[in-house]
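Down below is the structure, laid out as structure tokens.
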Protein chains: 4
Amino acid sequence: MILRLRADTEPHHRQALLDELQRAGFEVTVLTSGGPAIIAVNGRAVPDAFVGRFMRTGVVEEVVTPSEPYRLAARASRPEGTVVQVGSVRIGEREPVVIAGPCTVESRDQLLRTAEAVREAGASLLRGGAFKPRTSPYSFHGLGERGLELLAEARERTGLPVVTEVLDTDHIDLVAQYADMLQIGSRNMMNFALLRKVAATGKPVLLKRGFAATVEEWLLAAEYLLASGNDRVVLCERGVRGFEPATRFMLDLNAVPLVRQRSHLPVIVDPSHGTGLRELVPPMSLAAIAAGAHGLLIEVHVQPEDALVDGRQSIDPATLAEIVRRVRLLAALAEEPVLV
Amino acid sequence: MILRLRADTEPHHRQALLDELQRAGFEVTVLTSGGPAIIAVNGRAVPDAFVGRFMRTGVVEEVVTPSEPYRLAARASRPEGTVVQVGSVRIGEREPVVIAGPCTVESRDQLLRTAEAVREAGASLLRGGAFKPRTSPYSFHGLGERGLELLAEARERTGLPVVTEVLDTDHIDLVAQYADMLQIGSRNMMNFALLRKVAATGKPVLLKRGFAATVEEWLLAAEYLLASGNDRVVLCERGVRGFEPATRFMLDLNAVPLVRQRSHLPVIVDPSHGTGLRELVPPMSLAAIAAGAHGLLIEVHVQPEDALVDGRQSIDPATLAEIVRRVRLLAALAEEPVLV
Amino acid sequence: MILRLRADTEPHHRQALLDELQRAGFEVTVLTSGGPAIIAVNGRAVPDAFVGRFMRTGVVEEVVTPSEPYRLAARASRPEGTVVQVGSVRIGEREPVVIAGPCTVESRDQLLRTAEAVREAGASLLRGGAFKPRTSPYSFHGLGERGLELLAEARERTGLPVVTEVLDTDHIDLVAQYADMLQIGSRNMMNFALLRKVAATGKPVLLKRGFAATVEEWLLAAEYLLASGNDRVVLCERGVRGFEPATRFMLDLNAVPLVRQRSHLPVIVDPSHGTGLRELVPPMSLAAIAAGAHGLLIEVHVQPEDALVDGRQSIDPATLAEIVRRVRLLAALAEEPVLV
Amino acid sequence: MILRLRADTEPHHRQALLDELQRAGFEVTVLTSGGPAIIAVNGRAVPDAFVGRFMRTGVVEEVVTPSEPYRLAARASRPEGTVVQVGSVRIGEREPVVIAGPCTVESRDQLLRTAEAVREAGASLLRGGAFKPRTSPYSFHGLGERGLELLAEARERTGLPVVTEVLDTDHIDLVAQYADMLQIGSRNMMNFALLRKVAATGKPVLLKRGFAATVEEWLLAAEYLLASGNDRVVLCERGVRGFEPATRFMLDLNAVPLVRQRSHLPVIVDPSHGTGLRELVPPMSLAAIAAGAHGLLIEVHVQPEDALVDGRQSIDPATLAEIVRRVRLLAALAEEPVLV
């Protein structure tokens, strides 16, 4: 059972309600960061009398029991939608957010130049990999902590909050010390130990869809984060495995309106991995926003041809600027979703 | 080898060139409907001396040898892009074309009401199935010739050209007698006998992508049509088979910019089959146009709940009107594609 | 509703039953070739009184209403299983049947040598393509009627019945004149016009699974054949489209026990297309038989390296002989299926 | 560069060689458990003079440079094949090994009864989940350490070595304390931190294929284990994601001969997850062995209908006994692989 609290609930009224629930022996999960507070009562059923009393307090907007297995992530639990704030950037509102940067932090020069360039181009957050998951043990795995330091320096210089991936539970504290938002990559979408421990940091989380995960499995992975008390969760569609050899992955944009219909969490799109071809990044960026995405995650390199990793799918800053310009026009055009 | 003729070539100059090629014993394919004429010289190589002479006539713009296995469909063979005219509607230009109508012609009343409604809503062509491919032999297979007559009547009343599917080589003449554009469905994309015979009618052809066809296989299917001398070919992405159970198919919008990059043929998108869910039709329509599609193919029913076939994915005319309105705004916004 | 007749029903008793049904205005489909006769009563329901009378005649074994959408193909309609006889070869019994030959008939010498070699190796039927479906219009499409003549000559010499594909409804009569069994290829599994017209020849039909068809869709395609009065149908699993690049297709052997559980039709496996790699043909042949397949369809070439089409997946006759030897040992070992 | 040592190399000769390499400044990986020792020289190239001297020692069988990106796992690095010993059970030889047990350890009674039953039925190892990866945070996640204790007790009673999954790097020591073999599940195949730390225990590892991993990605995951110095690695095919809704996954048996061709590591098959249907477990078990698998991983429950997790795919002990009996007959029949 989920108690949706009113948006204007005072913290002490919320606390009073929680105290009462705890006194009555209920175990609860409370989510307060991304919008009106949600209290999930876990385990046993709440007697009707209790529910009635809650309703009369003027604090509870509605009591809902979502039919989806991901009850905290279900749209019904926060119909207004969740907004995730990273630094001063708000993800989940009308204005699309562009997260851009290199696949991998390669050097100070490369990162700082790219960071300046993406800020100039209009990006709102900086991405960059310090710890890189690589299919082969012999590939370059990133600069590690040195990469994190460079990301922090780039943030100082540009003011852009930093998103970077965490691969190993042993590195969570380290990464959380430097990053503003922690990314869980596709390969780890079902690494439940990592999900739980990343959630526990309280930091915003960017949860990429596993490349063979159904939308339901993805929302259940998000549910692991929410059930750990963290609702600062942004979903990211990045392409799934299909039979088409011409593109690296098949970008499943159907998932965008589907997620918006079924969940209150913001959803963004990564057209770089989702296509694997830089020529496809601009049109698929526009398509993602037109489909309803709240933002984009794009790989940008000052010299895409020289990138150590994934250069084939990286665009240059000038192309990013053009994408940002058009995406804003698109967003200005966008109105309320078409009701069907 | 492909000879691209100049756009302003006079028919008699083109004929003179063809005569010379034939006298020299070359077998050729000539495509003239969708843009500047293309002459493919099949089989043996053309001696350099010949090529030189052609170039000096002022008729040949360029001699190209596309590296793709679909050489007639390759972008290099007509870099300007092909425009397919159906009645007075032109598919392949900046303004997106909306083809709408019921999945199946069910009755005179249903069809005429829907036809009027989609014209009102801003559609440019009317679609409707008279012969329906059905997975089960026991399902409703359409009204057949009676359905064709009703489509013709709907065209009379609304002025909308009619697109309908042809399933069986035995019906080609019959369908061609009534329809303005012949659709080859996904299940028949590799029915090569059908492709050749449909091409031979000279009518515009709507070629849907097979639901497990790669983009290359799809363009090779188009090549069958072109190699039969018919370049009035419009491609239609309609979703491919994937592992996601929440949607009927996985709409592969990556294919849209990919086709535009690799081929000169226009490409449209069917968000109805590509999602299977009417709530997803509006956002995915916008996404398709943003990705660069030249138009949409949408299932519309005056009472979607009562549709005999595919009601779950049909929208009503009011929703179509809203899609058309937004798609036009999007198109007005669209400028030259982003160059990468 | 399906009437399963007793195995020992005399033809005139069956006819009397049919006459009675027709007098009563029922439309029926009758299947008699592959096992005990099945009468499907189509359209309206049969009154209980009628059913009771049928049961008392001693001709009707059982009245069943399969819940599957493919009611004629459903296991319940002929629990004994169907046996399809081609010449003197019986497909659907314990002894696996090996169909072998070249992908394509290339020349008289190649075909006759291969035919002799596969007979020597222990194959029971000869396969070979005279009309070849090719993804590209520019590929070799087979020798056509000349190929059929050569297949007939090979049959004369070896005594092996001949299986060959029919692509175009216009060629059905021609192919049926030469071939003992007509193959419907994967690309045409949903070419319903072809299915109906091929069924009408009364010849045995080899129905390959479409490479993106679900098992249910495949059985519904078989239902088109059965509903046209032809129960001489053998199914062939040949690999489906997947994401693995190392093999040409993903051979779905799960489909073999699934089909045996759900349908009474025999099912064989094509490990040549299903792997695309000749090294994988022997182990996957054994695996197919172990999974319960009634036979194999294997591409064999006397000089695999020189094959015009699909040489990479063709084996030589010595390998075939070894496969046949092992498959027979496996079959001798096989007992009743394990009941779960 | 890989140095394959002779099978009869004395440990002190091997050590002398290693000392020499280290003195010369080379970084090496040494694998000695699963067969003749392999020394991989990492990083910079080895001068020819060195190689010549090694060859003359009589210790080096061959110097190879596999072209595959997984050079330690490549067949060329140990053409004899690897045999992984778990307790007294050897995996990778002609006799197939059956690993059986419940999906999840539910209770002492359930586990001990099942363990006795699978030993009676002929299984060689006991499987059972103490820590279960579950798609939903609200599903039963296993008994944890209590489950491990029960597994150890079951081993005491039956003599069967125990295989169980490790999900979280924090639990590796705990699980390694109880288990004889550590399983890395499909969801974690690309959890590289887990791979490295599990390898470091030196315990045998069962590496399941990710359900959307290509064979190359799977072998690269194995390479992470080998590159960490652990060659006690058994691969397990368990079905991949496909479009067929009738089965839980698509069991990719093509992968079995492919892995045997490309790698020296043993490969087994899990027909329980690979089908999701208990009726398909017996035929697909036989098919797996016929395809060349070195063993099976099967879910068995004393009362499959009562299983807390995955009951639909669990078989009972009597069925297991019948599978074991037939698999042994199959193996007796098996001879050298067919060479193509």
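The values are calculated or read from the model by the stated rules, or taken from the named source; none is laboratory data. Note that this is a predicted model, so its numbers are computed, not measured. Neighbour counts are summed over all protein chains in view; Cβ atoms, including those assigned to glycine, are modelled from backbone coordinates with ideal geometry. Heads up: the accessible areas ignore ligands, DNA and RNA and are worked out on the full protein's heavy atoms, side chains in. Shrake-Rupley method; radii C 1.70, N 1.55, O 1.52, S 1.80 Å.
Structure summary
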{"item": "Degrees between helix A:215-227 axis and first principal axis of chain A (Cα, 0 to 90, nearest 10)", "result": "60 degrees"}
{"item": "Cα-Cα separations in segment C:56-175 greater than 21 Å, expressed as whole percent", "result": "53 percent"}
{"item": "The protein assembly as shown, Cα convex hull volume normalised per residue, Å³", "result": "211 Å³"}
{"item": "Percent breakdown of C-alpha pair distances by 5 Å bin, ordered from the shortest bin, for segment A:207-320", "result": "2, 12, 22, 22, 18, 12, 8, 3, 0"}
{"item": "Rounded accessible area per residue of chain B, 1.4 Å, Å²", "result": "34 Å²"}
{"item": "Computed E for A:SER139/D:THR57 - FRET, C-beta separation, R0 41 angstrom, nearest 0.05", "result": "0.80"}
{"item": "Over segment D:61-151, relative contact order from alpha-carbon pairs under 8 Å, at least 6 apart, %", "result": "22 percent"}
{"item": "Calculated over segment B:94-234: convex hull of Cα atoms, volume per residue (Å³)", "result": "112 Å³"}
{"item": "The protein assembly as shown - percent of accessible surface contributed by carbon and sulfur, probe 1.4 Å", "result": "47 percent"}
{"item": "In order through segment B:56-70: 3J(HN,Hα) via Karplus (6.51 cos²θ - 1.76 cosθ + 1.60), integer Hz, x for Gly, Pro", "result": "6, 5, x, 9, 8, 6, 6, 10, 10, 10, x, 7, 6, x, 9"}
{"item": "Closest approach to the C/A rotation axis among chain C Cβ atoms, residue and whole-Å value", "result": "C:PHE243, 3"}
{"item": "Calculated label separations, C:ARG53, copies of the chain, 7 Å along the beta-carbon direction, nm", "result": "7.3, 8.5, 10.2"}
{"item": "Area buried, chain A against chain C - accessible surface, total, 1.4 angstrom probe, square angstrom", "result": "200 Å²"}
{"item": "Stokes-Einstein diffusion coefficient of segment A:151-263, Kirkwood radius over Cα pairs, 10 °C, 1.306 mPa s, in µm²/s", "result": "108 µm²/s"}
{"item": "Listed residue (D:ILE323, D:VAL233, D:PRO257) projecting farthest to the positive dipole end of segment D:84-333, Cβ model", "result": "D:PRO257"}
{"item": "Environment charge at A:LEU31 (Cβ cut-off 11 Å; Lys +1, Arg +1, Asp -1, Glu -1)", "result": "+2"}
{"item": "Tilt relative to chain C, helix C:108-121 - C-alpha long axis, 0 to 90 degrees, to 10", "result": "70 degrees"}
{"item": "Inter-site label distance for D:GLU156 and A:SER88 at 7 Å from Cα along Cβ, in nm", "result": "6.6 nm"}
{"item": "Prolate/oblate/rounded label for segment C:2-65 (Cα gyration tensor, a/c 1.5)", "result": "rounded"}
{"item": "Cβ-derived FRET efficiency at R0 45 Å, C:ASP8 paired with D:GLU120, nearest 0.05", "result": "0.50"}
{"item": "Per-selection Kirkwood Rh - chain B (Cα, Å, 1 d.p.)", "result": "20.6 Å"}
{"item": "Amide hydrogen neighbours beyond the local backbone of A:ILE298, cut-off 5 Å, H modeled", "result": "A:ILE99, A:ALA100, A:GLY101"}
{"item": "Span from the segment C:269-331 Cα centroid across to the segment C:1-39 one, whole angstrom", "result": "40 Å"}
{"item": "Shortest-first nm distances, B:SER88 label point to equivalent points in other copies (7 Å, Cα→Cβ)", "result": "5.5, 7.3, 9.2"}
{"item": "Where trypsin sites (Lys or Arg not before Pro) fall in DSSP loop in segment A:195-298, at most 10 other Cβ within 10 Å", "result": "none"}
{"item": "0 to 90° range, to nearest 10: angle between helix C:11-23 axis and chain C longest Cα axis", "result": "60 degrees"}
{"item": "Percent RCO, i.e. relative contact order, over chain A, from Cα pairs under 8 Å lying at least 6 residues apart", "result": "17 percent"}
{"item": "Candidates per GluC sites (Glu not before Pro) in segment B:85-121, loop by DSSP, up to 16 other Cβ within 10 Å", "result": "B:GLU93"}
{"item": "Lysines whose Cα lies under 22 Å from that of B:LYS203, excluding same-chain neighbours fewer than 8 positions away", "result": "B:LYS132"}
{"item": "Sites A:GLU95 and B:GLN22 - FRET efficiency at Förster radius 45 Å, r taken between beta-carbons, to 0.05", "result": "0.15"}
{"item": "Dipole of segment A:29-185, positive direction: furthest Cα of A:GLY52, A:ALA37, A:LEU148, with charges on the beta-carbon", "result": "A:GLY52"}
{"item": "Largest-first ordering by accessible area, 1.4 Å probe, given options A:HIS301, C:HIS12", "result": "C:HIS12, A:HIS301"}
{"item": "Whether segment B:144-196 is rounded, prolate or oblate, judged on the alpha carbon gyration tensor where a/c under 1.5 counts as rounded", "result": "prolate"}
{"item": "DSSP-loop trypsin sites (Lys or Arg not before Pro) across segment D:84-136, with at most 13 other Cβ within 10 angstrom", "result": "D:ARG94"}
{"item": "Gyration tensor verdict on segment B:1-122 (Cα atoms; rounded if a/c is under 1.5, prolate if a/b is larger than b/c, oblate otherwise)", "result": "prolate"}
{"item": "Under 5 Å, built H, 5+ apart or other chain: amide partners of A:GLY129", "result": "A:THR104, A:VAL105"}
